[in-house]
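The values are calculated or read from the model by the stated rules, or taken from the named source; none is laboratory data. Owing to the predicted nature of the structure, the values given are computational and were not obtained by experimental measurement. Positions of Cβ are backbone-derived with ideal geometry, glycine not excepted, and every protein chain shown enters the neighbour counts.
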Amino acid sequence: MVLSKMSFPRSCAGVNSPFARRYRFGRNGCDIDQFDHDVRVDPSKVLHRVQDDAQDAELMDLNSTPTFFVNGKRHKGPWDSASLIRTLEAVRPNSTG
């Protein structure tokens, strides 16, 4: 998911306003209250974890979600269920034998 491209009500003060941030991230499953609490309690730890995750994503060329890996290789094909099933079946060990 590309959070910067999520839509939110035009009544927001701006893209980076506290309301806009809470709307974008809370809408996508982030426990924004817990995040805000963690930032208040130990901001350097939170910042380190966020930067570490961002660096990992950059090193792995992960620029969207979901990103699928099959047998350790990045799946670059379609994400629909039929395509994913075909990909999984193609790498499944032959059960006859």
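Taken over segment 74-90, residues that are of a type outside the set (F, W, Y), in a loop (DSSP other than H, G, I, E, B) and in contact (Cβ under 8 Å) with a residue 12 or more places away in the chain amount to 1.
In this structure, does R10 turn out to be at pLDDT below 65 and exposed (fewer than 12 other Cβ atoms within 10 Å of the Cβ)? Answer is yes for this residue.
Filtering segment 48-69 to residues that are modelled with pLDDT under 85 and either more than 28 Å from S83 (Cβ to Cβ) or acidic (D, E) (or both) leaves V50, D61.
Consider segment 26-59 and keep the residues that are outside any helix (DSSP H, G or I) and free of Cβ contacts under 8 Å to residues at least 12 places away in the same chain. The one that is nearest to R92 (Cα to Cα) is G29.
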